[in-house]
Every structure is written in structure tokens, then in C-alpha cells.
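The structure under discussion appears below in the form of C-alpha cells.
The values are calculated or read from the model by the stated rules, or taken from the named source; none is laboratory data. Here the structure is a predicted model, which is why all the values come from computation and not from measurement. Cβ atoms come from the backbone with ideal geometry, glycine included; neighbour counts cover every protein chain shown.
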Amino acid sequence: MRDEMTNGMKKIAKVTTSIMATSLFASGLMVSSLMTSVAMAQENATPEIAAEKIAEKSADNGVAMDDQSQLPQAPKIKAGAEYHQPPSESEIPDNAFGEMIRKGQAIFVDTKREVPEYVGNGMTCANCHMDQGKMPNAAPLWAAYVMYPAYRSKNNKVNTYAERIQGCFQFSMNGTAPAADSEAMTALITYSYWLAKNAPTGVSLPGRGYPEVPKPADGYSIERGEIVYKENCALCHGADGLGQKVGDNYVFPPLWGQDSYNWGAGMHRINTAADFIKANMPLGKGNTLTDQEAWDVAAFMNSHERPQDPRLIEGSVEKTREKYHANDGVNLYGVEVNGVILGQGTN
Ligand code: HEC
Ligand code: HEC
């Protein structure tokens, strides 16, 4: 019994830390009400209260999904063919099912406000999965939904759609993953299912993920990337890359710094960022940068500090690089740039 209590208290302490971390940016009221409920939980020694909605974490690295590995390339769209068309807003049924679709949509576009307990930065899902997760070549949800469950040799496991979403919460949102059976997860899955209506399952649809931009023959240059950034990106994302807010909300999301995606996110790979940028940025002017410019500016962006990789091993950037980054595309985690080792984190 004593042992059980001690374990319970330890679990609470862990959960408390993560809740405090994820609500750092929430309003004072939110923080104080969370603190009250945590204090109550502590008093009654019922760890389930705070823990039940948060995903089981694996013991070795403290995260539910182990990585955000690259997606296989989808086929190019055939000449004259159309991308999958998700149903229109007006087709959302006026019943409990429709309500769940709308809830998922709301979480997807306004993640921080809808589910602050799971978000640790200033991003929304739709910042990278554009047009509310509908836009082809911006990792649309309709193309994702039909490709799960998926076997991955990397972890020798069949990964579910919920696990993939958990990965984006932990890395892209620098937060805590909702449990597979939580309401937030049900809402996001229902919204994805709805957008995929009439799409074939198990078929990699044109428009999935971001189209690959091959690495230029001469590699990339962070210095040239800085010039591309000043000319094409700073206007919206800010000269300092920290984005722009109106009130508490970002109208232009941060590209680095503590409110951005963390060092474990897929976007931290220069190749993945180049793919996204080439197809989708500058906003409204996708496919205007050359491949070289996309790689250069992606390298410049990802040579800045951001929140630490939550899989950090024994406080060592070197060990973490070896295990998680050495074979994960092109990235600068643990690499020396201008005399400084990147990957120190912002917190
Ligand atoms: C006209 C304003 C504008 C310009 C110019 C612009 N962006 Fe963006 N960018 C946005 C907006 C808005 C979003 C979020 C999209 C959404 O939520 O629908 C975004 C999203 C992003 C994201 C994903 C979210 C994040 O914060 O990491 C990246 C990366 C990005 N932009 C990089 C760039 C780069 C690199 C350039 C220059 C080549 C650029 N952008 C130019 C407005 C702009
Ligand atoms: C900082 C950018 C970013 C944010 C924010 C983000 N994601 Fe992602 N997401 C990615 C990247 C990058 C991938 C992998 C794409 C690749 O490697 O080509 C991905 C992959 C996915 C996939 C799998 C796509 C597929 O085709 O298999 C799903 C589903 C997903 N994200 C959902 C979400 C949800 C839900 C949220 C919000 C809770 C979110 N993402 C927030 C960048 C982001």
C-alpha cells in the first residue's frame, strides 16, 4: 500500500510537470484552475484524474510515438486528373456525428484554444496541414487517413492513425499526446474520416504529404538562405522568425524559438521543410522559389534554436543525435554551426 502511494505520487509529480509546461502560455485563469485540480488530485492520491486523458508513455523515451519519420512519396497527379475532393461544409450532417466532425475541425484549426492541455507552443495543426487539412501537397488529412494502419520496419510495428497524430502533438505541437480513446482524438479522427469520404483505402493518393524537392547538387547554404528569408519570408514571419501575434494568437506562425515546433518534429529536417516550403510558401505563391532557394531557406530556418527534442537521452545532445537524428534525413541537430552546437533547446 505504501509503495502504491509513492508510485502514485511520483506519477502525479510527472503529470503535474507536463501540465504546468503545456499551460505555460495559457491564461492565468486556466493555469490556476489546472493547479487547483492538480492539488486536489494530489490530496486524494488518485493519479488517474490527470493521467487518464494523456497517452500512456513508453518507459524508455517518455513519448507515446517514437518519431515523425518521413512519409513515402505519393504518386504525381496525372495530367487532366483532379485531386480528391473532400465534401463541402454544408454537407456536414446536422446530428451528433456532424457535431464530432465540427469539433475535430475546430481542434485542427484552433488547437491551442480548443485543447490547451495538449499544446506546448503557438502552433495549430493547420499551420502545416493547410486549408484546414484539405490542401493537396500540404499533407492533407484525407490522403493520410486512408493509409493507416501502416507497418513500419523502423519500429517493427503496425502504427495506427491515432499514433501518427500523437506524434504531431508531441513534436510539432511540442505538447502531450491525447490518449487514443480521448474525445480530442475521436474528434480529429472523425474529421479526417469525413474529409476522406469516397477516397479508396490503402491507396497512396496524389497530393499526400509534401512533394519531394531533390537535394541540389551543390548542397545548401545557410548564408544564401538568410538572403532568401529576408526577401521572401520576413514580411510575415518577422525578421526574427518568431512570427506575429494579434492579442494572444499568432496570425503568422513562428518558424523557430520556443513557440515553434521542437527538435523532434518532421519539419526540423531540412529536406522535409524544403518540400513544404517549395510547394506552399511564400503564402499564396507556392512553387515560385527554385529548388536551391527552398533548400537554402529551409536550412537557414532550421539552423535556429527551438524547443528540445522530448526524447533527449540523459541530457546529452550527442547521444540523442546518435540515436534519433543521425539517420533522420538532413538535419542540424547536434551539428556545429558557426562555432555553436545546435540542439540545446530554448527552455
Ligand atoms: C504572406 C505571408 C507569408 C509569407 C510571405 C510567408 N509565409 Fe510562411 N506561413 C504564413 C502563414 C499564414 C502560415 C500558416 C498557414 C496556415 O495556418 O494556413 C505559414 C506557415 C509556414 C510554415 C509552417 C508553420 C511554421 O510556423 O513552421 C513554414 C515552415 C513557413 N510558413 C515558412 C515560410 C518561409 C520559409 C517563407 C519564405 C520563403 C514563408 N513562409 C513566407 C504566411 C507567410
Ligand atoms: C510544424 C508543422 C506541423 C504541425 C503544426 C502539425 N503537423 Fe502533422 N505532420 C507534419 C509533418 C512534417 C508530417 C510528416 C510529413 C512528411 O514527412 O512528409 C506530418 C504528418 C501528419 C500526419 C500523417 C500524414 C500522412 O499522410 O500520413 C497526420 C495525420 C498529422 N500530421 C496530423 C496532425 C495533427 C492532428 C496536428 C495537430 C495536432 C498536426 N499534424 C500538426 C507537420 C506538422
Practice prompt. Report the residue count in the stretch 239-278 for those that are more than 11 Å from ligand 1 (Cβ to nearest atom) and on the phi > 0 side of the Ramachandran plot.
Written response: 1
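Only one of LYS157, LYS215 is basic (Lys, Arg) and at pLDDT below 95; which?
When all the criteria are applied, what remains is LYS157.
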Worksheet entry | Leading residue by the ranking (surrounded by the most Cβ atoms within 10 Å (Cβ to Cβ)) among those in the stretch 277-316 that are part of a helix (DSSP H, G or I) and in contact with a Leu (Cβ under 8 Å, 6 or more places away or on another chain) | VAL297
Worksheet item: Taking GLY334, is it under 19 Å from PHE171 (Cβ atoms), within 11 Å of ligand 1 (Cβ to nearest atom) and in a loop (DSSP other than H, G, I, E, B)?
Response: no
Worksheet, complete the sentence: Over the stretch 94-108, the set of residues among the β-branched types (Val, Ile, Thr) and near ligand 2 (Cβ under 10 Å from one of its atoms) is ILE107
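Answer with yes or no whether GLN105 is in contact (Cβ under 8 Å) with a residue 12 or more places away in the chain, in contact with a helix residue (DSSP H, G or I) (Cβ under 7 Å, 6 or more places away or on another chain) and not aliphatic (A, V, I, L, M).
Yes, satisfied.
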Practice prompt. Kindly check whether there is at least one residue in the stretch 137-151 that is assigned to a helix (DSSP H, G or I), within 14 Å of ligand 1 (Cβ to nearest atom) and crowded, with 18+ Cβ neighbours inside 10 Å.
Written response: yes
Worksheet item: Of the residues ASP309, ASP296, which single one is touching a helix residue (DSSP H, G or I) at 6+ places or on another chain (Cβ under 9 Å) and within 15 Å of ligand 2 (Cβ to nearest atom)?
Response: ASP309
Fill in: Residue count, the stretch 279-299 (criterion: closer than 18 Å to CYS128 by Cβ, in contact (Cβ under 8 Å) with a residue 60 or more places away in the chain and near ligand 1 (Cβ under 9 Å from one of its atoms))
5
Item to complete: Identify the single condition in (1) without any contact (Cβ under 8 Å) to a residue 12 or more places away in the chain; (2) more than 19 Å from the chain's Cα centre (by Cα) that VAL251 does not satisfy, given that it satisfies every other one.
Response: (2)
Worksheet item: Based on what the data block shows, is VAL203 at pLDDT 95 or above, within 16 Å of ligand 1 (Cβ to nearest atom) and of a type in the set (A, V, I, L, M, F, W, C)?
Response: no
Practice prompt. Looking only at the stretch 240-271, count how many residues are surrounded by 20 or more Cβ atoms within 10 Å (Cβ to Cβ), more than 10 Å from ligand 2 (Cβ to nearest atom) and of a type in the set (A, V, I, L, M, F, W, C).
Written response: 4
Practice prompt. Go over the candidates ASN347, ASN327 one by one and state the one that is surrounded by fewer than 20 Cβ atoms within 10 Å (Cβ to Cβ), at pLDDT below 95 and over 19 Å from the mean Cα position of the chain (by Cα).
Written response: ASN327
